[in-house]
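**Student:** This is the structure I have questions about; it appears just below.
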Amino acid sequence: MLFYPVELTPDDNDTLLATCPLLPEVTTFGTDRSDALRHAAEAIEEAVAARLSRWEDIPAADPAEVAEGVRLPLAAGMKVLLFWVCRSRGVTRAELARRLGWHREQVDRLFRIDHNSRIDQLEAAFKAAGEPFEQAIKRAA
């Protein structure tokens, strides 16, 4: 669903340095291409989780322009899409909780990458934020 570019650079100790131009905080390495991409995927997921928790910008990559990269897991991608919808419509987490009639902690969990949110909860949140999930997917594609 959401792809992030990864740049692999040979290092002087026979490893590959992996960075993500869209997320400058992502810097990791691997012993080979596969290992470096695996570590990059983990680091990108952690960076996105940290940005979500702080309600900070999460850049979008154009999949057509990503020569080499990694895909966020589907659940994480859905949470990022919800974040983008909320930010674009000026809906805070507190406002989303009010619209849904939920406790703030229930809404906060929707934006935690490590929490397994139910699909029906995410769909309800998209609708409450003002953009049904199907429409958000089309816009993000």
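**Student:** From the list Ala64, Ala97, Ala128, exactly one residue is without any contact (Cβ under 8 Å) to a residue 12 or more places away in the chain, small (Gly, Ala, Ser), part of a helix (DSSP H, G or I) and in contact with a helix residue (DSSP H, G or I) (Cβ under 9 Å, 6 or more places away or on another chain). Which is it? Spell out how you get there, then give the answer.
**Tutor:** Values: Ala64 fails: in contact with a helix residue (DSSP H, G or I) (Cβ under 9 Å, 6 or more places away or on another chain); Ala128 fails: without any contact (Cβ under 8 Å) to a residue 12 or more places away in the chain.
Checking each option against the conditions leaves just Ala97.
**Student:** Ok, one more. If you check Leu82, Leu122, Leu110, which single one turns out to be touching a Ser or Thr at 6+ places or on another chain (Cβ under 7 Å) and modelled with pLDDT of 95 or more? Quick ask: steps written out before the conclusion?
**Tutor:** Values: Leu82 fails: touching a Ser or Thr at 6+ places or on another chain (Cβ under 7 Å); Leu122 fails: touching a Ser or Thr at 6+ places or on another chain (Cβ under 7 Å).
On inspection, the qualifying residue turns out to be Leu110.
**Student:** Continuing with this model, one more query. Just for strands (runs of 3 or more DSSP E) wholly inside segment 3-47: which have at least 2 residues that are under 20 Å from Pro63 (Cα atoms) and among the β-branched types (Val, Ile, Thr)?
**Tutor:** Working: elements: 3-5, 7-10, 16-19, 27-30.
Strands (runs of 3 or more DSSP E) meeting the threshold: none at all.
**Student:** Sort through Ala18, Ala40 and tell me the only one that's over 26 Å from Phe133 (Cα atoms), touching a helix residue (DSSP H, G or I) at 6+ places or on another chain (Cβ under 6 Å) and surrounded by 14 or more Cβ atoms within 10 Å (Cβ to Cβ).
**Tutor:** Ala18
**Student:** Right, here's the next one. Here is a list: Arg98, Arg71. Which entry is closer than 30 Å to Pro10 by Cα and among the charged types (D, E, K, R)?
**Tutor:** It is Arg71.
**Student:** While we're here: Ile113: under 15 Å from the mean Cα position of the chain (by Cα), within 17 Å of Ala76 (Cα to Cα) and part of a loop (DSSP other than H, G, I, E, B), yes or no? Explain how you work it out, then say what you get.
**Tutor:** Working: under 15 Å from the mean Cα position of the chain (by Cα): yes; within 17 Å of Ala76 (Cα to Cα): yes; part of a loop (DSSP other than H, G, I, E, B): yes.
Taking the combined requirement at face value, the residue satisfies it.
The values are calculated or read from the model by the stated rules, or taken from the named source; none is laboratory data. Please read all numbers here as calculations on a predicted model, not as lab measurements. Please note: Cβ atoms are built from the backbone with ideal geometry, for glycine as well, and neighbour counts cover all protein chains shown.
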